[in-house]
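Shown next, in structure tokens, is the structure this report addresses.
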Amino acid sequence: MIRFTAKIGRFEISASIDPVAPLGWRFWTLAGFPGDLVEPRPYGGSRCLPLAIVDIAGQPRWLCAMEMDRSLCLFGSHDLFPCTEQRGADAFAQAIIDQLRH
């Protein structure tokens, strides 16, 4: 397990992530919006990688790494949709883990 702390908006979050996900790393997508540079269609937004579930004010949230800019964001499960395009998920996961290790 890799333990790290990240600041996301007004939250400072400590989490542990397993460097080897039980079913392998999988990309998910977010609902798209007209200004989205990657995918402007609804329900076809930017790819993200869920890292861990964290508790925010009593509510579970997914801590996700965003592929477009490698930022960390918090989402509810209803924000995430399965992604059909999985190319690069393992390499991206390894890069994010290496980034968080330092």
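The values are calculated or read from the model by the stated rules, or taken from the named source; none is laboratory data. A quick note: this is a predicted structure, and the numbers were derived from the prediction, not measured. Here the Cβ is made from the backbone with ideal geometry for all residues, glycine too, and neighbour counts use every protein chain on show. For accessibility, only protein heavy atoms count, side chains too; no ligands or nucleic acids. Shrake-Rupley method; radii C 1.70, N 1.55, O 1.52, S 1.80 Å.
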Give the stretch 43-102 a look and list any residue that's farther than 17 Å from residue 10 by Cα and among the aromatic types (Phe, Trp, Tyr), or say none. 43, 81, 92
With buried (at least 16 other Cβ atoms within 10 Å of the Cβ) and more than 21 Å from residue 99 (Cα to Cα) as the only criterion, which of 47, 61 stands out? 61
Within the stretch 68-95, restricting to residues that are over 15 Å from residue 24 (Cα atoms) and open to solvent by 70 Å² or more (accessible area, probe 1.4 Å), the one that is farthest from the chain's Cα centre (by Cα) is 78
